[in-house]
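Enquirer: One structure, as structure tokens, below. Some questions next.
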């Protein structure tokens, strides 16, 4: 196993160098053609905690807003280019009123190009999974922040529950689709790749980790480190921002 990890690390470094050397300016048309060639007709599903469009109340009116999010800015143009479905937590105070019975609506509002499927979370689920385990535990752990990560058993339970809820929603969305692609976003869904692949091995699953990956010693602080790694390793493809984070992940594995 050690040999395979060393080989994977070397291959990733070489690929990064070649990709950097061949970079060219992206345009909307180039993105569209690239996505078509990569997906080859497969349906694409993006899974993220943050939704690209939310509906909020202003007095008696309801309006839509795009949340301030680097993730949305980076990923949303892909679905505009190729269509598909974005699965996310419905967090706007008027989100339920603007979606159908399945939590779905077409977006962007002015020029519909893909489907947004909203997942409804209870306050207990949101507090435990998002504010607790993800943001008080994983975020400071991965950044090796001066604030010690907080890991509570009850937060871990909600994190597992919400990951399972999103897995069920994704699988339901893709039940009549052959060999689709699912692009999972960030540390909120470390368990999701394994949950999806266990039920649908034909689905191509990718997970992009948008925050740093710490050294193995730091990551070992998490009581559920092995569970998180096992969930992530269910993916066909894992992505990190820089080679250093990728190397840390391989060392952790």
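Each value in this text was obtained by applying a stated rule to the coordinates, not by laboratory testing. As the structure is a prediction and not an experimental result, all values here were calculated from the model. Glycine also receives a Cβ, built like all others from the backbone with ideal geometry; neighbour counts cover every protein chain displayed.
Enquirer: Pop the C-beta distance of residue 229 and residue 58 into the FRET formula with R0 = 51 Å and round what comes out to the nearest 0.05.
Expert: The computed FRET efficiency comes out at 0.70.
Enquirer: Treat the count of other C-beta atoms within 10 Å as a stand-in for reagent exposure and order 219, 244 from fewest to most.
Expert: Sorted ascending by nearby Cβ count, the order is 244, 219.
Enquirer: Based on the Cβ-Cβ distance from residue 241 to residue 123, what FRET efficiency comes out when R0 is 45 Å, to the nearest 0.05?
Expert: The calculated FRET efficiency here is 0.90.
Enquirer: If you don't mind, another one. Out of all DSSP beta bridges in the chain, what portion is antiparallel? Express it as a percent rounded to 5.
Expert: Counting only bridges with both partners in the chain, antiparallel ones make up about 30 percent.
Enquirer: Say a paramagnetic label sat at a point 7 Å from the Cα of residue 66, along Cα to Cβ; which residues of the stretch 100-121 have their backbone N under 18 Å from it?
Expert: It comes to 106-117, nothing else.
Enquirer: Report the relative contact order of the stretch 85-130, percent, no decimals, based on alpha-carbon pairs under 8 angstrom and at least 6 residues apart.
Expert: The value is 43 percent.
Enquirer: May I ask you to derive the relative contact order of the stretch 29-241, considering only C-alpha pairs under 8 Å and at least 6 residues apart, and to give it as an integer percent?
Expert: Taking the mean separation of contacting Cα pairs over the length of the stretch 29-241, I get 19 percent.
Enquirer: Let a ≥ b ≥ c be the square roots of the eigenvalues of the Cα gyration tensor of the chain; is it rounded (a/c under 1.5), or, if not, prolate (a/b larger than b/c) or oblate?
Expert: Because a/c hits 1.5 or more and a/b fails to exceed b/c, the chain counts as oblate.
Enquirer: Among 117, 36, 104, determine the one that fluctuates most according to a GNM of the chain built with springs between C-alpha atoms less than 10 Å apart.
Expert: Checking each option, the largest mean-square fluctuation is seen for 36.
Enquirer: Per residue of the chain, what 222 nm ellipticity follows from adding -39500 (n - 2.57) for every DSSP H run with n ≥ 4, rounded to the nearest 500?
Expert: My calculation for the chain gives -12500 deg cm²/dmol from helical runs alone.
Enquirer: Right, something else. Given a cut-off of under 8 Å on Cα pairs at least six residues apart, what relative contact order in percent is computed for the stretch 32-147?
Expert: 24
Enquirer: Students often check this: by mean Cβ neighbours within 10 Å, which of 232-239, 130-137 ranks highest, and how do the rest follow?
Expert: Those peptides, ordered most packed to least, come out 130-137, 232-239.
Enquirer: Can you give the extra length, in nm with one decimal, that the chain gains between residue 150 and residue 199 once fully stretched, where that is 0.36 nm per residue apart less the Cα-Cα distance?
Expert: Contour length minus the Cα-Cα distance gives 14.5 nm.
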